[in-house]
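Below is one structure, written out as C-alpha cells, with a few remarks after it.
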Amino acid sequence: MNNVKNKPKIVELKPGIFQIRAVRPGSHVYLIKGSWRNILIDTGMADNFSNLEASLAEVDLEIGQIDLIILTHEHFDHIGATSLCFDKVLVAAHRFAANKIQLQDEFVMMNKYFLESAKPFQADIWLEEGTIIDLGNYRLQVIHTPGHCSGSICLYEPNHRLLFTGDTVLAGGMISDICPSGSVSDYLSSLQTLRTLNVDEFYPGHGWISKSPAEDMSMAVERAQTLLEESKVLFEVLDTKATFERLFFAARKFALPKKE
Ligand SMILES: [Fe+2]
C-alpha cells in the first residue's frame, strides 16, 4: 500500500454493498460481495488503483477475487483503473460504451483531455438493455440510460429497491453534462424511465447517495426539460452555422478527403 496517500474510505451501505469513496477527479467505486460472485461497479482512475486495492484489502479481498467489473459508461474517470486489472477480471459495459473503449474513441472517453494515463483495454461482455447479472443475494438489471453519453447504463436491483446511477443522476436531482455522444432528449427520456422504478436509495458515481430518489428523479427530469427548452431558445438566437461549423470541421477534417 505504498502509494496510498490517505486511508481508503470504504463504507458498507447495505449488507455486502460497499462504496469506495472517490479520489477526485475519479468516480466512486461500488463493491458488491455477492453470495455467488463479487463485482465492482466502475473502478475510478488509473492513478487511484492503489487506493482501490487498499480499499478491497479492508474487506479481505484482492482484485483477483473480483469476478466482474461493470462499467456504467465510457468516461475516463470511471474506467481508468480497469486498464490495470482487465487481465485478471472480466469487464462488462453497454455495447455502445464497449465499442468506444475497444476502438479507443478519445473524442468520447476524454483520457488525454483530463491527463488520464490509462492504457487501452477491452470489455469482455457487451451489455444490452435488460441483461440480468445474478450475484445470488442481489440481481442487477441493466437499464440503458443514454443522455450524458451514449453508453450510459444504470443498474437496478428491484428486490432491494436500489439503483446504481453512474453519472446519469446524482443526489439532489443533479444531472451531468451532455458530453460527446450524448443527447439532451435521450437524457430526458432516460430519466423519465428511471422515475417509474421503485427505488428506496440510489447510488451515484459522484457526490452523496440519494435517500429521496423520487424527489431527486423529479428534479432531474425538470432540469433536463429546462435544459432542452433553453437549448431551443439558444439555437434560435445563436448564429449556429458560424458557431458550430468550425467545431464540426475541426473534429472531422482529418477523416475527410482534401478538395483539389
Ligand atoms: Fe461521465
Kindly indicate whether SER185 is within 20 Å of TYR156 (Cβ to Cβ), of a type outside the set (Phe, Trp, Tyr) and not in a strand (DSSP E or B).
-> no
Applying the selection to segment 65-104, what residues are at pLDDT 95 or above, part of a helix (DSSP H, G or I), more than 16 Å from the ligand (Cβ to nearest atom) and under 22 Å from SER181 (Cβ atoms)?
-> ARG95, ASN99
What do you reckon, is ILE133 more than 16 Å from the chain's Cα centre (by Cα) and in a strand (DSSP E or B)?
-> yes
If you go through segment 159-169 one residue at a time, do you hit one that is within 12 Å of the ligand (Cβ to nearest atom), under 19 Å from LEU191 (Cβ atoms) and in a strand (DSSP E or B)?
-> yes
Residue ID - nearest to the chain's Cα centre (by Cα), chosen from residues in segment 28-57 that are more than 26 Å from ILE143 (Cα to Cα) and of a type in the set (D, E, K, R) = ASP47
Of ASP67, ASP77, ASP105, ASP60, the only residue that is over 28 Å from GLN141 (Cβ atoms) and among the charged types (D, E, K, R) is ASP60
When residues of segment 174-185 are filtered for being away from the ligand (no atom under 12 Å from the Cβ) and within 16 Å of the chain's Cα centre (by Cα), how many remain?
-> 2
Scanning for something at negative phi, buried (at least 20 other Cβ atoms within 10 Å of the Cβ), of a type in the set (Gly, Ala, Ser) and at pLDDT 95 or above, does segment 160-170 turn up at least one residue?
-> no
State all residues of segment 17-64 that are at pLDDT 95 or above, surrounded by fewer than 22 Cβ atoms within 10 Å (Cβ to Cβ) and touching a His at 6+ places or on another chain (Cβ under 8 Å); if no residue qualifies, say none.
-> GLN19
Assess whether ILE125 counts as being within 16 Å of the ligand (Cβ to nearest atom) and over 20 Å from SER183 (Cα atoms).
-> no
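The values are calculated or read from the model by the stated rules, or taken from the named source; none is laboratory data. Source: prediction; values computed, not measured. Every residue, glycine as well, gets a Cβ built from its backbone with ideal geometry; the counts of neighbours run over all protein chains shown.
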